[in-house]
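Participant: Quick one: the structure is below, and I'll ask about it shortly.
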Amino acid sequence: MSYQSMEEAQERCKREGIEFWKAVQLEDADERDVKETDSWEQMRGMWQAMLDSIDNYDPSLMSRSGLVGKEGGLMEAYREEKDTLCGDYMAKVMANALKMGCNNACMKRIVAAPTAGACGVLPAVLVTYFREYDVPEEKMIEALYVAAGIGQIIANRAYLAGASGGCQAEIGSGSGMAAAAICHVKGGSTEQIAAACAMALKNLMGLVCDPVGGLVEVPCVKRNVGGAVNAMAAADMALAGIISQIPLDQVIDAMKEVGDRMDVSLKETGIGGVAGSLRAQEVVKKM
Ligand code: SF4
């Protein structure tokens, strides 16, 4: 899946008359020397693991620090009982993002796409859509190829780890991947997929990595909600015909530059940002 740029992938799509997801799958099969069908089955396994993880959420569990765990259940109950501000569908997206973030904090099985900290963004956007609408499973697996291809380009040009580039590299990349993936599901062109990703990444550029006590709990779990909602907004903008004035590859390069300039206290060291707040310091003392 190792395209060095979206431009390179788009050129192949045009040259061979294939969709972006197919270009990613062909590259994966070629690079790992496996059949296309084997690559597909592995991706189907990832999809199933995402579905299972959301279903296995347990609202009675708390993380070892006691900071997070029940948020997914609270959001679900609120959605069922009250009139939400964001509407029922978006509340489902938010609840699923929280469930996955809590699952990770509570050591349950998740799919780290692109990372464990950002594991809620992609399933919140894709699984919610799959369960709400009558979409063939094949379309969702194609969408995972779209996400994987975008993630690989970001990894090749910048980074995916908060310790390397701040949370923009984790939640930001997860959001960009999810925006591109759902744009594909909704019938977006390769250009629209790239625009959706570029807009999602730009919206979260500069986001710092500041986990309280160095634990992937606060602010991480709730940031998955931000990433998911941002992805949906970016995809809708792209599908509306709104373009990104800055091409995706240049947005990724800008993200790398911002990450390189970011102070080390804001790169998963648990020193700066909300990790440096008074309350965070009190929490850490009690651990
Ligand atoms: S704050 Fe850091 S650890 Fe938490 S999700 Fe973002 S990048 Fe990951």
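The values are calculated or read from the model by the stated rules, or taken from the named source; none is laboratory data. Keep in mind that this is a model prediction, so the values were computed, not measured. Positions of Cβ are backbone-derived with ideal geometry, glycine not excepted, and every protein chain shown enters the neighbour counts.
Participant: If a residue must be polar (S, T, N, Q) and within 21 Å of residue 257 (Cβ to Cβ), how many such residues does the range 177-229 contain?
Facilitator: Here is the first cut: in the range 177-229, the residues polar (S, T, N, Q) are 189-190, 192, 203, 224.
Still in the running and within 21 Å of residue 257 (Cβ to Cβ): 203.
Of the residues in that region, 1 qualify.
Participant: Mind checking which helices (runs of 4 or more DSSP H) fall wholly inside the range 74-158 and carry at least 2 residues that are out of contact with any helix residue (DSSP H, G or I) (no Cβ under 7 Å at 6 or more places or on another chain)? Steps first, answer last, please.
Facilitator: Details: elements: 88-105, 121-132, 137-157.
It comes to 137-157.
Participant: Still on this structure, I have one more. Are any residues in the range 130-174 in contact with a Pro (Cβ under 7 Å, 6 or more places away or on another chain) and closer than 17 Å to residue 4 by Cα, and if so, which ones?
Facilitator: 151, 160, 173
Participant: Restricting to the range 216-237, what's the tally of residues that are surrounded by 21 or more Cβ atoms within 10 Å (Cβ to Cβ) and either closer than 10 Å to residue 179 by Cα or of a type in the set (Phe, Trp, Tyr) (or both)?
Facilitator: Counting residues in the range 216-237 that are surrounded by 21 or more Cβ atoms within 10 Å (Cβ to Cβ) and either closer than 10 Å to residue 179 by Cα or of a type in the set (Phe, Trp, Tyr) (or both) gives 7.
Participant: Could you check how many residues of the range 6-45 are of a type in the set (A, V, I, L, M) and part of a loop (DSSP other than H, G, I, E, B)?
Facilitator: Selection size over the range 6-45: 2.
Participant: Further question on the same structure: For the range 194-215, which positions are in contact with an Asp or Glu (Cβ under 9 Å, 6 or more places away or on another chain) and surrounded by fewer than 24 Cβ atoms within 10 Å (Cβ to Cβ)?
Facilitator: Matches in the range 194-215: 208, 211, 214.
For (1) within 21 Å of the chain's Cα centre (by Cα); (2) at negative phi; (3) at pLDDT 95 or above; (4) not aliphatic (A, V, I, L, M), each residue gets a yes or a no:
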| position | (1), (2), (3), (4) |
| --- | --- |
| 231 | yes, yes, yes, no |
| 247 | yes, yes, yes, yes |
| 254 | yes, yes, yes, no |
| 257 | yes, yes, yes, yes |
| 264 | no, yes, yes, no |
| 286 | no, yes, no, yes |
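Participant: A further question follows. Go through the range 188-275 and tell me which helices (runs of 4 or more DSSP H), entirely inside it, have 2 or more residues that are within 16 Å of the ligand (Cβ to nearest atom) and acidic (Asp, Glu).
Facilitator: Answer list for the range 188-275: none.
Participant: May I ask you to list pairs of residues, at least six apart or on different chains, whose Cβ atoms are under 9 Å apart, with the first in the range 114-137 being farther than 11 Å from residue 171 by Cβ and within 13 Å of the ligand (Cβ to nearest atom) and the second being modelled with pLDDT under 95 and of a type outside the set (S, T, N, Q)?
Facilitator: If the second residue must be modelled with pLDDT under 95 and of a type outside the set (S, T, N, Q), no pairs are left.
Participant: Next up: Need the failing condition index for residue 89 against (1) farther than 18 Å from residue 181 by Cα; (2) under 22 Å from the mean Cα position of the chain (by Cα); (3) surrounded by fewer than 16 Cβ atoms within 10 Å (Cβ to Cβ), just the number.
Facilitator: Condition (1) is where residue 89 drops out.
Participant: So which of 149, 166 is within 16 Å of the ligand (Cβ to nearest atom), closer than 22 Å to residue 255 by Cβ and either of a type in the set (Lys, Arg) or crowded, with 24+ Cβ neighbours inside 10 Å (or both)?
Facilitator: 166
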